[in-house]
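Presented below is the structure to which this report refers.
Rule-based calculations on the coordinates, nothing more; no lab input. Since the structure is predicted, the reported quantities are computational estimates derived from the model, not experimental observations. Note that we place each Cβ from the backbone using ideal geometry, even for glycine, and neighbour counts take in every protein chain shown.
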Number of protein chains: 4
Amino acid sequence: MTNTQVTLVQIDNYGPWTVTPEPRREPDLQALQATLFADLAELFGNRAGYVFYTRFDNMIAVTNGIDMDTHATIQESIGNRYPITVSMGVGVDTTPVAALEAATQRLQSAGSAQEADRIEVLSGEPLGPADRSDNDVQVAHFDVNDATGKYTDEIHAFDSFLAIERGYLSLAEHLRTDYDSLGFFVGGDNIIAVTRDMAPEEYAAVIESVRQEVGIELKVGVGHDRSAATAGMQAKHALEECRDNGTDVEFARPVLANQDD
Amino acid sequence: MTNTQVTLVQIDNYGPWTVTPEPRREPDLQALQATLFADLAELFGNRAGYVFYTRFDNMIAVTNGIDMDTHATIQESIGNRYPITVSMGVGVDTTPVAALEAATQRLQSAGSAQEADRIEVLSGEPLGPADRSDNDVQVAHFDVNDATGKYTDEIHAFDSFLAIERGYLSLAEHLRTDYDSLGFFVGGDNIIAVTRDMAPEEYAAVIESVRQEVGIELKVGVGHDRSAATAGMQAKHALEECRDNGTDVEFARPVLANQDD
Amino acid sequence: MTNTQVTLVQIDNYGPWTVTPEPRREPDLQALQATLFADLAELFGNRAGYVFYTRFDNMIAVTNGIDMDTHATIQESIGNRYPITVSMGVGVDTTPVAALEAATQRLQSAGSAQEADRIEVLSGEPLGPADRSDNDVQVAHFDVNDATGKYTDEIHAFDSFLAIERGYLSLAEHLRTDYDSLGFFVGGDNIIAVTRDMAPEEYAAVIESVRQEVGIELKVGVGHDRSAATAGMQAKHALEECRDNGTDVEFARPVLANQDD
Amino acid sequence: MTNTQVTLVQIDNYGPWTVTPEPRREPDLQALQATLFADLAELFGNRAGYVFYTRFDNMIAVTNGIDMDTHATIQESIGNRYPITVSMGVGVDTTPVAALEAATQRLQSAGSAQEADRIEVLSGEPLGPADRSDNDVQVAHFDVNDATGKYTDEIHAFDSFLAIERGYLSLAEHLRTDYDSLGFFVGGDNIIAVTRDMAPEEYAAVIESVRQEVGIELKVGVGHDRSAATAGMQAKHALEECRDNGTDVEFARPVLANQDD
């Protein structure tokens, strides 16, 4: 059974800041948001975590193995290098959706995201070292079948983008509603989901739902491990096997084979 | 009548690179993509352009006033500082969709996005100084009514995100299909569109369509000028007027008032 | 005769900020300073300027061809993306030292660098388009003869560094005192100087002084043009000729050869 | 007795790369180097390490507590996000100079810094957890007395810079030759040294030597602990005490006071 640790990173009082005293230049806001995300991706990423940009002012991270002290260091570092600060709520549960629910409540109960004095909240109870297991995190890496051949090289760049967005939204809605799982568009034609322990036939079913609903054909590689980094890397290798084998769903083989095999 | 100059920025042969010789660490790819976008936002942004991250491997920029030499400098600078290179196609037309169509064809006709030797293409005919006018670029800045109160502070962070994504996709589809215009999610609850010269009642209609379709309530400020930067800043000020007046659609007043007024 | 435009970029009230309310983490300060410099290098660099990090809280830029509006955009962009702001003074004169003197006075006369309300000063009179010529900027690119063979691969990394620092300081002192010129260490074994119109024998003399004083052997390529970027690129090519020819001083040949040649 | 772990980070084959096939634009090289340093400062800094930019193509880090796996992750991450790769040698010894000597030899024995196929070397034996103590790292944070009042606000920006450089070089030479210690200019008027366990009177002596030699007046705060981050933060607080007390040398009080006090 999975046991996902999720961190919600929220820029404090961001909306009002972007228009005070006057609306700020959009390219600066875009650069600020993207740089902040890149920094968090590296800082959590070097601790085996994954961060997703989502709305940029609210980012979602999978942080199994990362304790509160490390969260505090990252929070302090952001406060020292940016004109804004961030709050972080950390939640753990057997499904990613429930874990994010817990993380969200940590921040909501501390006050509004647009309250000027609700800053640098840091709240949550991470999974302790003794409670971690190799099944804690399941990562599924999807991509669109032949996206370059069918879309990028053939149709209008915005229509390619809309097709992928349509596929993404359909997938994310199904994962969230039917499987208590979180799916994120990560660029190109790639979607990475952090899921509860879904079975191969459940992945096949969700892929079929997306195909029927919006006509986008996906495949998926799946990995699981004690951290997002290793589960995610397994998922990438499994996705390569989909490419090699022409299959839609591949699960990573266990990293350490059973000695009796 | 608008006359939009659009640049399609495409990372060369990116998909294969991300898995050669083995799949690369996801946090590194995320940081690379976001940093590249932040850089382009600033480099084009300092020349009064706007860049949208879209798929990250294919980014769309509004570049009225930026000539091919400047494009070449930016392209060279990226090649010197990143492990990847970019190609750029530039198109101009009376609607943003047609301009992007032209830009897309510049790249597609040069070869596949995943051809190892189709690198650093730079192709297009920008709008010359003599052909520019104060009506060339129309920018519409949308946001979600009371997003913090209704979503961020109240519901699960992923459900907030999905609600905004649903609103975005509905809006982007309508703008593209019915108005030959391009809409981009830019973080938070903000969507920036580059449009043909749409009238106030057309904006009201598209907002109403989104409300009926997915239940998300938007408002919009609209500006126009000879560059994305100034049109976009006008749009931001007009959106502030929506907030102040409780209205759904506001057009920026002309920057220089008619002397007879 | 050269006519150099120099911009002094100064972080406002930086020292006090680094220890308020408590001393801030050093890695954050280092990352902040280096990122700020990298940003300025690109933003001025895309306009044919050069920026040198110097003390990081006081950076020196050669900005021929960059007007006050562009300075203002860069200043605003920094203020939007960093926790600190910058002031900028711009000076023009026939020697780099006199130009920086004028730029320095612009800031000093506005108040102390550590005055809390002396922020975002922007002051100066850049060289207008009509006053510019192809002789305005002279750039000299020095490096250490066989630095890798003699130092990097042979001796202790800190001793290599000290040797190069010794060479740099000796050169910078001579250039400043004897030639009214500004020399900057730019990494590796490279020193870039912005000079008055020094003659080949003056470069030979300064190289000989450094050799006698600290035993470091330098060579230099020299270029001149209307901007730092083109003069600097000429200097790099001239330095390559030093390498090819085994010479100590090379001047770039005029870019456009005389028609009678 | 100190037991410093030092990492030498060297860009592989950098010099040749900067001029292949033609010399690359200087602002791009400057931005590349500074961004790489900023990244390393954060990645090591989040693990309680300190990095100094030194020559930029050869950077020196104090890495007590950071194991080879973490070095490998950082090395891989750089390779994925930059057009260049880095090699790293790790050394441990009772003085910083000897530790860097060991780190340097790790790289030199693997081949030349400009050998095209000597890439991504990772070599060294870090200090194991069982061997670490609270005396391992001593950090001294120097600054110039009243630098803003005497220099920044009063004299030419380049003369201020040269004065500080002169003070830095004098200090670094004395620390290296007389005390087997490493001093680094870190911007502003700040110099951070990683030292062997120097006594207060030794710091007073080195400050006096610099004053006599180049007329620059320094003060210093000193801390020691098991990592650079905590020793460095202690040093900063001790330097604040110099400011408060008007003293030249202050040692941080032990973090945990003796119970009998």
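Just how many % of Cα pairs in region B:13-112 lie over 23 Å apart, if you round to the nearest whole percent?
Values: 1355 of 4950 pairs.
Tail of P(r) above 23 Å: 27 percent of Cα pairs.
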Closest Cβ on chain D to the rotation axis that carries it onto C (distance rounded to whole Å): D:ALA34, 2
Ratio of the Cα radius of gyration of region D:141-188 to 2.2 N^0.38 Å, where N counts its residues: 1.23
Burial ordering of C:ILE74, B:ILE155, A:ILE78, fewest other beta-carbon atoms within 10 Å first: B:ILE155, A:ILE78, C:ILE74
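Taking only Cα atoms of region A:63-150, what ratio of Rg to Rh do you get with Rh as the Kirkwood inverse-distance radius?
Values: Rg = 16.8 Å, Rh = 15.3 Å.
Expressed as Rg/Rh, it is 1.10.
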Gaussian network model of chain D, springs between alpha carbon atoms under 10 Å - residue of D:ALA116, D:ALA238, D:ALA229 with greatest fluctuation: D:ALA116
Furthest towards positive pole of dipole, C:MET59, C:GLN138, C:PHE161, structure part chain C, Cβ charges: C:MET59
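For region B:3-79, with only Lys/Arg (+1) and Asp/Glu (-1) charged at the beta-carbon, what is the dipole magnitude about the Cα centre, in debye rounded to 20? Show your work: numbers first, answer last.
Working: 4 positive and 10 negative charges, 39 e Å.
Dipole of region B:3-79, to the nearest 20 debye: 180 debye.
Less than 12 Å Cβ to Cβ from B:LEU127, Lys/Arg counted +1 and Asp/Glu -1: what total charge do the surrounding residues give? Present the calculation step by step, with values, prior to reporting the outcome.
Working: positive: B:ARG132, B:ARG226; negative: B:ASP67, B:ASP93, B:GLU125, B:ASP131, B:ASP136.
That sum, taken over residues with Cβ under 12 Å, equals -3.
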Reach of C:LYS150 by Cα under 30 Å, taken over lysines that are not fewer than 8 positions away in the same chain: C:LYS219, C:LYS236
Electrostatic dipole magnitude of chain B [Cβ: Lys, Arg +1; Asp, Glu -1; Cα centre; debye, to 20]: 540 debye
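For region D:1-61, which semi-axes, largest first and in whole Å, follow from the square roots of 5 times the eigenvalues of its Cα gyration tensor?
On the way: eigenvalues 145, 32, 11 Å².
So the equivalent ellipsoid measures 27, 13, 7 Å along its semi-axes.
Can you tell me the mean projection area, over all orientations, of the convex hull of region B:131-235's alpha carbons? Units nm², please. List each step's numbers first, then the result.
Values: hull surface 25.6 nm².
Seen from a random direction, the Cα hull of region B:131-235 projects 6.4 nm² on average.
Semi-axes, largest first, in whole Å: what does sqrt of 5 times each Cα gyration tensor eigenvalue give for the protein assembly as shown? Display every interim value, and only then the final one.
Numbers: eigenvalues 409, 259, 157 Å².
Semi-axes from the Cα gyration tensor: 45, 36, 28 Å.
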Cβ-based net charge around A:VAL6, under 10 Å, with every Lys or Arg adding one and every Asp or Glu removing one: -2
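Thinking of chain D as a set of Cα atoms, what percent of all their pairs are more than 30 Å apart? Spell out each step's value before the answer.
Details: 10704 of 33930 pairs.
Here the tail beyond 30 Å accounts for 32 percent of pairs.
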Separation between Cα centres of region A:1-69 and region D:74-102, rounded to whole Å: 29 Å
Max mean-square fluctuation residue, GNM over chain C, Cα-Cα springs under 10 Å, options C:GLY221, C:GLY49, C:GLY188: C:GLY188
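Please report D:THR152, A:THR35, B:THR73 as a ranked list, fewest other C-beta atoms within 10 angstrom at the top and most at the bottom.
Values: D:THR152 27, A:THR35 23, B:THR73 19.
With the fewest neighbours first, D:THR152, A:THR35, B:THR73 line up as B:THR73, A:THR35, D:THR152.
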Top of B:PRO96, B:PRO126, B:PRO23 by mean-square fluctuation, Gaussian network on chain B, Cα under 10 Å: B:PRO23
Calculated SAXS-style log₁₀ I(q)/I(0) at q = 0.17, 0.19, 0.22 Å⁻¹ - region A:183-235, Debye, Cα scatterers: -0.57, -0.71, -0.92
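Determine, for A:LYS219, D:LYS150, the number of other Cβ atoms within 10 Å of each Cβ, and report the residues in order from fewest to most. If you can, show how the numbers build up before the last one.
Details: A:LYS219 22, D:LYS150 16.
Taking fewest neighbouring Cβ atoms as first place, the list is D:LYS150, A:LYS219.
If we count every other residue with Cβ under 15 angstrom of B:ILE191's Cβ, Lys/Arg +1 and Asp/Glu -1, where does the sum land?
Working: positive: A:ARG55, B:ARG166, B:ARG176, B:ARG211, B:LYS219, B:LYS236; negative: A:GLU26, A:ASP57, A:GLU165, B:ASP143, B:GLU165, B:GLU173, B:ASP189, B:GLU213, B:GLU217, B:ASP248.
Combined, the nearby Lys, Arg, Asp and Glu give -4.
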Dipole magnitude of region A:59-126, debye to nearest 20 (Cβ charges: Lys/Arg +1, Asp/Glu -1, about Cα centre): 180 debye
